[in-house]
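First comes the structure, then the notes that go with it.
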Amino acid sequence: MADYGPEVAAEAVKCIQMLAVDAVEAANSGHPGAPMGLADIAFTLWMRQLRYDPTAPDWPNRDRFVLSAGHASMLLYGLLHLSGYDLSLDDIKQFRQWESKTPGHPEVHMTPGVETTTGPLGQGISNAVGMALALKMQAARFNTAEEPLITARVFGIASDGDLMEGVSAEASSLAGHLGLDNLVFFYDDNKITIDGKTDIAFTEDVGARYQAYGWFVQHIDGHDHAAIEAALAAAVAEPARPSLIVARTHIGKGSPNKQDSSKAHGSPLGKDEVAATKANIGWDHPPFFIPERVQALFAARAEDGKKERAAWDQRLAAVKAAGGEVADRWRSMMEGELPQNLLAELVAAAPAKTAATRKQAGAVEQRAAALVPGLVGGSADLAGSNNTTIADGGEVQRNAFSGRNLHFGVREHGMGSIANGMALAGGFIPFTATFLVFSDYMRPAIRLAALSHIQSIYVFTHDSLYLGEDGPTHQPVEHFWALRSIPNLDLVRPADAVECAGAWAHALARKDGPTAFALTRQDLPNLSRPEGFDPALMLRGGYVLSPAEGTPQAVIIATGSEVSVAVEAKALLGDRGKGVSVVSMPCLEAFLRQDEAYRHQVLPPGVKRCSFEIGITLPWRSIVGEDGLTIGHDGFGFSAPAEVIQEKIGHTPAQVAETIGAWL
């Protein structure tokens with residue numbers, strides 16, 4: 001471990017502080033106060049506990065650092081630069097500029113060393129819970145007494161805002177329940193928010209709350225290096241609980257006129273205050289100056305990580321050379337292998353009998369789980385309704401992390417954020433499940449998964465007004481399009497068992513973003529397809545399910561439960577001499593990514609279009625055009641049996657045929 005004295009430590013802390021101040025000043029935008037107040041904690045963590053190799057930022061056994069207080073991003077960028085990650089001083093100088101590697105809040109996959117995208121408060125600590133859980137589950141799968149491959153831990157810093165947001169409460173509660181002792185977080189207790197002192201709205205005892213969650217809680221002076229080091233050592237040694245270190249800090253530490261003030265939070269200090277701060281802390285250097293001995297100290301610390309990673313590489317090589325179950329599992333999970341015949345296997349597993357797509361998808365999931373050992377997940381207390389339990393998969397509980405079925409409790413928001421952290425930790429493809437209407441509770445986590453290109457799967461069931469008697473509170477109407485409006489999220493609404501197989505194949509193969517399923521509560525018939533149908537067409541998002549004889553007068557574009565109704569309506573229209581084709585559109589996003597020739601083959605130019613989906617209709621105008629027809633429901637739901645609702649809103653086959661016939 002790199003050695004240093006108090007004089008070098010003080011100089012390093014000042015360097016970290018002023019890199020943040022200078023970058024914010026150059027950008028004329030940002031948050032200097034938090035990095036100034038957190039520099040002592042971050043420096044001590046980096047020097048005394050965090051295991052990393054800047055030349056291998058994706059090393060599977062690295063410790064993770066999560067800056068949940070993402071507004072303090074310059075703290076992290078400064079540390080990454082000093083530690084030798086691929087982040088130059090010029091990158092630091094480009095803070096918050098166009099296409100820079102130092103955006104205003106940390107973004108994973110953009111900046112080497114950034115583990116997750118933070119900024120929306122509460123998400124980072126919740127992601128960290130998922131990372132810690134995933135590392136526990138990895139250890140249960142890969143560690144042997146001879147070769148402990150996974151010993152990584154998760155460290156982080158959370159702000160007042162992080163711990164005010166409800167999502168952090170959901171995730172922290174589950175972390176305490178599971179006893180994630182590999183999770184250590186500092187709470188930056190600086191008493192300041194944007195609007196002023198925290199006590200205008202936040203007077204609870206945070207430490208006592210986390211003790212009640214089952215966390216090991218310590219209280220320290222966040223500027224006392226000996227106290228920080230001792231608290232870290234105690235937290236790492238804690239054998240059964242996650243740790244929260246409540247650290248009393250001073251925002252804008254060192255600024256003569258803005259320390260302990262909200263003025264240091266979200267604005268540059270200003271030229272005069274920067275000069276006054278430098279004079280106050282004894283920093284007589286130009287902007288972006290890094291003392292040689294500080295650079296040398298961080299370089300020496302990075303060498304520690306390189307040596308540890310090299311030794312770990314040898315352990316992994318020995319495991320792979322020995323072969324066997326652990327080696328095979330490593331290749332499948334950590335290297336992301338999928339069976340080449342995945343789609344065919346899943347189509348073969350699709351049940352032939354009529355059933356709700358939640359049940360059909362659940363049956364396909366069993367085969368998917370057998371083929372993809374990294375598939376794990378659970379439900380927000382609705383596993384029986386969502387049909388998501390992996391048979392014989394075992395349950396994940398405290399000190400029992402080898403299972404595949406997770407119990408998230410009634411914590412949809414936390415569930416989505418934890419799943420994001422699990423996916424980022426590597427090795428797992430997590431799925432989560434609840435009713436579609438409750439995707440509203442998960443939306444922030446879903447958006448971040450899409451923004452961060454995270455492979456996460458959302459199994460949303462009870463997808464329409466046909467939920468029936470539970471009434472409008474549980475019946476989604478705007479949710480298909482609310483999800484479709486999130487860039488880089490694919491929504492798949494399968495029409496039968498075969499399309500459920502396609503949905504799972506699509507989601508498992510899609511590595512650069514999340515996929516959501518919308519599945520029915522009510523039974524749907526399995527559909528007839530043209531002779532020689534290629535199931536791979538489903539992966540193109542939309543396909544001609546039932547072609548017209550000759551040139552169609554119109555194309556009916558239907559999704560999910562409306563597809564079988566559209567097929568029946570087509571037959572009735574044919575009896576009236578009106579030829580239409582039916583296109584099943586399980587995934588509009590995938591369809592729109594296809595080449596123009598294929599899209600025109602499915603939706604011929606010049607042929608009138610009708611959309612049919614039991615939800616809001618306005619967005620379908622972008623697909624059907626001004627002269628098109630939209631059949632859906634632009635209001636909330638009803639408390640009545642499903643078949644009554646269908647008739648009352650005009651969605652029976654005969655009614656749909658009548659509506660389309662009149663339009664034609």
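The values are calculated or read from the model by the stated rules, or taken from the named source; none is laboratory data. On a predicted model such as this, the values are computed, not experimentally measured, just so you know. We place every Cβ from the backbone using ideal geometry, glycine too, and count neighbours over all the protein chains shown. Please note that ligands, DNA and RNA were not included when accessible areas were found on the heavy atoms of the full protein model with its side chains. Shrake-Rupley method; radii C 1.70, N 1.55, O 1.52, S 1.80 Å.
Brief remarks on what is shown
- Being within 21 Å of Ala132 (Cβ to Cβ), open to solvent by 10 Å² or more (accessible area, probe 1.4 Å) and either assigned to a loop (DSSP other than H, G, I, E, B) or not small (Gly, Ala, Ser) (or both) is a description that applies to Leu406.
- Among (1) under 36 Å from the mean Cα position of the chain (by Cα); (2) surrounded by fewer than 24 Cβ atoms within 10 Å (Cβ to Cβ) - the single one Gly550 does not satisfy: (1)
- Residues of segment 289-303 satisfying the condition of being open to solvent by less than 30 Å² (accessible area, probe 1.4 Å) and either small (Gly, Ala, Ser) or within 15 Å of Val24 (Cβ to Cβ) (or both): Ala302
- Checked against the criterion of being of a type in the set (A, V, I, L, M) and in a helix (DSSP H, G or I), the candidates Ala516, Ala536, Ala495, Ala548 yield just one match: Ala536.
- Selection within segment 616-631 - part of a loop (DSSP other than H, G, I, E, B) and either at negative phi or open to solvent by 60 Å² or more (accessible area, probe 1.4 Å) (or both): Ile616, Thr617, Glu626, Asp627, Gly628
- Scan of segment 503-528 for residues that are more than 13 Å from Pro586 (Cβ to Cβ) and surrounded by fewer than 23 Cβ atoms within 10 Å (Cβ to Cβ), ordered by number: Ala509, Arg510, Lys511, Asp512, Gly513, Arg521, Gln522, Asp523, Pro525, Asn526, Ser528
- Residue in segment 87-96 that is under 15 Å from Phe289 (Cβ atoms) and surrounded by 23 or more Cβ atoms within 10 Å (Cβ to Cβ) present: yes
- In segment 409-457, the residues that are part of a helix (DSSP H, G or I) and of a type in the set (Ser, Thr, Tyr): Ser417, Ser439, Tyr441
- Taken together, Ser100, Ser126 contain a single residue that is out of contact with any Phe, Trp or Tyr (no Cβ under 6 Å at 6 or more places or on another chain) and in a helix (DSSP H, G or I), which is Ser126.
- Restricting segment 338-358 to residues that are surrounded by 14 or more Cβ atoms within 10 Å (Cβ to Cβ) and of a type in the set (D, E, K, R), the residue that is nearest to Pro525 (Cα to Cα): Arg358
- Residue within segment 150-163 that is open to solvent by 30 Å² or more (accessible area, probe 1.4 Å) and of a type in the set (A, V, I, L, M, F, W, C) present: no
- Search result, residues across segment 189-214 that are open to solvent by 40 Å² or more (accessible area, probe 1.4 Å) and of a type in the set (D, E, K, R): Lys191, Asp195, Lys197, Asp199, Glu204, Asp205, Arg209
- Subset of segment 592-615 (residues that are acidic (Asp, Glu) and either surrounded by 15 or more Cβ atoms within 10 Å (Cβ to Cβ) or in contact with a Gly (Cβ under 9 Å, 6 or more places away or on another chain) (or both)): Glu613
- Here Ala368 clears all of (1) of a type outside the set (Val, Ile, Thr); (2) in contact (Cβ under 8 Å) with a residue 40 or more places away in the chain; (3) surrounded by fewer than 18 Cβ atoms within 10 Å (Cβ to Cβ) except the condition numbered (3).
- Candidate set from segment 409-452 (those that are among the basic types (Lys, Arg) and under 22 Å from Ala503 (Cα atoms)); member that is surrounded by the fewest Cβ atoms within 10 Å (Cβ to Cβ): Arg443
- Leading residue by the ranking (most open to solvent (accessible area, probe 1.4 Å)) among those in segment 371-384 that are under 22 Å from Ser402 (Cβ atoms) and in a loop (DSSP other than H, G, I, E, B): Pro373
- The set of residues in segment 47-72 that are part of a helix (DSSP H, G or I) and touching a Phe, Trp or Tyr at 6+ places or on another chain (Cβ under 8 Å) contains only Met47.
- Neighbours by Cβ (under 6 Å, 6+ apart or cross-chain): first from segment 635-657, at pLDDT 95 or above; second open to solvent by less than 60 Å² (accessible area, probe 1.4 Å) and not in a helix (DSSP H, G or I): Gly637/Gln475; Ser639/Gly471; Pro641/Gly468; Ala642/Gly468; Ala642/Gln522; Gln646/Thr652; Ile649/His633
- Among the residues of segment 581-611, the ones that are polar (S, T, N, Q) and over 22 Å from Leu483 (Cα atoms) come to 2 in all.
- Selected residue (criterion: farthest from Asn341 (Cα to Cα)) from residues of segment 394-403 that are open to solvent by 10 Å² or more (accessible area, probe 1.4 Å) and small (Gly, Ala, Ser): Ala400
- With respect to the conditions (1) of a type outside the set (D, E, K, R); (2) free of Cβ contacts under 8 Å to residues at least 24 places away in the same chain; (3) not in a loop (DSSP other than H, G, I, E, B), Thr203 falls short on a single one, namely (3).
- Selection within segment 455-499 - of a type outside the set (A, V, I, L, M), open to solvent by less than 10 Å² (accessible area, probe 1.4 Å), out of contact with any Asp or Glu (no Cβ under 8 Å at 6 or more places or on another chain) and at negative phi: Ser456, Tyr458, Phe460, Thr461, Asp463, Ser464, Gln475, Pro494, Asp496, Glu499
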